Structure formats: C-alpha cells, structure tokens
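Working notes for the structure below.
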Amino acid sequence: MADKEISALLGRVALADRDAFASLYRQTSPKLFGICVRILKDRGEAEEALQEVYVKIWYRADRFLAGEAAPMSWLAAIARNQAIDRLRARKPVANAIDEAYDLADPALDPERSAMIRSEGRRIEACLEELEADRAEAVRRAYVEGLSYQELAEIFAVPLNTMRTWLRRSLLKLRECMER
Amino acid sequence: MTTQKPESGDSRSDEVIAGEYVLGVLSAEDRRQVEARMATDRNFAAMVVRWQSNLASIDLAYEPVAPPPHVFAAIESRVFESPASTGRSASLWNSLSFWRSLAFASLAAVAVLGISMLELFSAGQGGKPLVAELQGQGNGLGLALVAQFDTGSGRLRVTPVAARQTEEKSLELWLIKGSDPAISLGVLPQSGEGEILVRPAVRSKITEGSTLAVSLEPLGGSPTGSATGPVIALGTTRR
C-alpha cells in the first residue's frame, strides 16, 4: 500500500472516479475500520462510522494535497475524528478549554505557520523521554480516544493531575520534536 | 486552561489545545470550538496539522480489521445516488458579467475578454459553444476559470479569472463522463491561459453536462495518465 498509489487514487477520487473510490476502499478500509473498532469498541457503531468516513473521503478528496500530508495519515485522521466525535456524542465529557480562554484571538507569532515541515525527530523517540506512565497516557489517549476522566480512572490519579500530565507532556513533546 | 490562566493568544497554550484536539481528549463542544478556530486562524490550523503529522506514527498501533461487505454497498448508495453536487445554476450571462467585472482589473484580461466574447457571438451561427465555469473547491488555491468549447473547430479555450498556482506546477484539464476514468484533455500553457486543441477522438465526448476539471500536476502534466494532484477547479458544461 504505497503512499504514491494512495495519493494517485485520491487524485482520481477527487475527479469523481468511482473505480478509484472502490479501489481506495479495498486498500484502506481495513486500517480505517480497525481505527473505528478500536475507538468505538462496538462493531455496529464502527460500521456506521466507517460509512461516514468514506462519504467524507469521497467529498473531500480534492482537499488532499499530496506532499503536504502522507495520504494514509490524512485518511486515518478523518477516521479518528469521526470515531472520536461519535464517541463523545454517545458519552459526553466535561469541557476542558477554559471559558475565559479566548479562542478567537489570532495567534501571536505569524512566523509559526512557516514552521510546518517534517520534523527530524520521530514522536516515538520523544515519547521515550517522558516518564513511562505519562507516555502511556498520551499513547492510550490517542489510540483509544479516551477522555481525561477515563484516563484519570485508568491511571488512578485525580482528574486535574491527569490534565496536568497530558498538557505538560504535550509541551515536552513539542519541544522535543523541534529540537 | 484552568490551571495556568495563560494570556489569550499564548502560543504555548495554543499548542496544548491543538495537541489535545489531535489526541482526542476534548469534549464535543471543545472540539467544535477548535474546528471553528481552525477555519479562521491559519497559524492555529497549522499547529493542528503539525500535531496530526507528528502523532501519525502511533497509527501503527491500529490493527487492520476487514469490514463486512455490506458496508461498501451502503457507502456507494449514499455517495452515488445523491444528486450531483457539481452543477452550478448561475446563467452564462451572469457568469460573463461577473467575469467582466473582474477582468477590468487588468488590460490584458480585458483584451482576452473581448476575444472570447467575439468568439462567443460569432459562434452563434454555427451553434452555441459549450461553456463551463470552473470554480475552486474551497481548498484555498483560489482559481476560477471560464472554459469554452467550440464543437465545430474542436477548440477549447480556458481563461483564468484569478490564478495563484505555483510556478513549477502545471494545470491539467480533465473530462469526466459519469463514472468513467477521467480523460486528460491536455496541459494548460504555463502562462495560465490559452487554448487546447482537443484530440479528435475525444471531441465527441464533450457534451452538455460533461464535467471539466483542472488539477495541479507536476510540470508538464500528470506522469501517470490520471490526476495525481489536487483538483483545484471543477464545473459542468451547458449551452
């Protein structure tokens, strides 16, 4: 399942090529279904989520910019977002972004957008620099779509401690990736 | 964040929120808030994209699971049985006046407009040319084209209304007929405007209701014979 081949199929899907869509589905659906099953932990729901995922892929294929993202990562992000949205709708969790925190403000540093480039360090190496339980929390949050509350229960720490763990871990990872 | 009370716009907090979004720990409401901000704040959206690409290698943890066959049938019926969404309802006359208002921006464009309108009217005797407006698909590449196909001479003229394509890329024009693979009509001149002489074998295939699309390709056009780059404009022909 070469990236190049998936990119080419996405290009054809953007041109409404049904054969390419079927071919893309054949090649990528086991991975994307695996994502939905792992996050939703329910086959029926995962099947519905997978439908949503491919409907989105059909309509959004033209937004895939080869070279800017790896095609499999792009597809996996659509699947993860769909599964996590479905999970959060089924089982709401507390809001974590502080109300007083103004999300509408533009970011301060306009140079930052120029910094998107493939980072030299792999996330795995940076995760190893974190304490083992924190790295595990980051990994499980990502893979299973766990909420802060669920993570706090699994790791037997107070909710606020878990929030601090993950937020500090994210900053450490960011710093490590940029090093 | 509740614990640190950072000043708004603090890029460290932004990084954390972008990372929390990609990890998936946020609530539904927070996720919508993040997505709304991504749509209006390019720098913030870039942070999210970067986290996505940074964390993507963890995707290896997902074991593939074959979905049951009925899922694809359901997807196909949802995607292919809905009415085509590419048709545009604006009339040709509207599109020309829209085009003309933009063309005033440049003398050269006005000249092109003059030629195109002349052709349009003279073609009236031998049958109206097919015209398609091709609009960008909301991908920020900002391109709109007016395509005219003269059935008699086989000349397809494509004029950009606004183009911001990168120089080392080529724009390739495609014909889409139903579910058939897209047929390349040729690569547009690097100047971004001009005519393509459509191969005689393909001419009869450009009919009313055909879809024309432009994709961004490596210099010289797609190396594979099918589109490899993003589709930056798409439109349907009509009389």
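Where a number appears in this text, it was derived from the coordinates with a stated rule and is not lab data. From a predicted model like this one, the values you see are computed outputs, not experimental measurements. When we count neighbours, we look across all protein chains shown, and the Cβ atoms used for this are built from the backbone with ideal geometry, even at glycine.
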With a cut-off of 20 Å, note down the residues of the range A:1-26 whose backbone N falls inside the zone around a label point 7 Å from the Cα of residue B:78 toward its beta carbon. A:10, A:13-26
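Assign unit charges at the C-beta atoms only (+1 for Lys and Arg, -1 for Asp and Glu), then state the dipole size of the range A:3-90 relative to its Cα centre in Debye, rounded to the nearest 20.
240
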Between residue B:70 and residue B:239, what length in nm is gained on full extension when 0.36 nm per residue of separation is reduced by their alpha carbon distance? 56.8 nm
For residue B:153 and residue B:224, extending 7 Å from Cα along the Cα-Cβ vector and measuring point to point gives, in nm, a value of 3.6
Within a 10 angstrom radius of each residue's Cβ in A:28-38, how many Cβ atoms of other chains show up on average? Whole number is fine. 5
If you take the beta carbon distance between residue A:153 and residue A:125 as r and set R0 to 35 Å, what does 1/(1 + (r/R0)^6) give as a FRET efficiency, to the nearest 0.05? 0.75
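From the cross-link list A:4/A:91; A:56/A:172; A:56/B:205; A:31/A:172, which pairs have alpha carbons spaced over 31 Å apart? Provide the component values of the computation, followed by the final result.
On the way: A:4/A:91 38 Å; A:56/A:172 33 Å; A:56/B:205 29 Å; A:31/A:172 29 Å.
Flagged as over cut-off: A:4/A:91; A:56/A:172.
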Inter-site label distance for residue A:133 and residue A:161 at 7 Å from Cα along Cβ, in nm: 0.6
Whole-Hz couplings from phi, Karplus 6.51/-1.76/1.60, listed for the range A:141-148; x for Gly and Pro: 4, 5, 5, 9, x, 6, 8, 4
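Reported to two decimal places, what Rg/Rh ratio describes the range A:2-77 when computed on Cα atoms with Rh from the Kirkwood expression?
Radius of gyration relative to Kirkwood radius: 0.97.
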Using amide H atoms built in the peptide plane, which far-off residues or other-chain residues are under 5 Å from residue B:188 H to H? B:171, B:172, B:173
Go through the range A:58-63 residue by residue and turn each phi into a ³J(HN,Hα) via Karplus (6.51, -1.76, 1.60, θ = phi - 60°); whole Hz please, and just put x for glycine and proline. 4, 7, 10, 4, 5, 8
Once you have the alpha carbon radius of gyration of the range B:21-72, what is it after dividing by 2.2 N^0.38 Å, with N set to its residue count? 1.50
Any residue on another chain or 5+ positions along whose placed amide H is under 5 Å from the amide H of residue B:229 is listed here as B:216
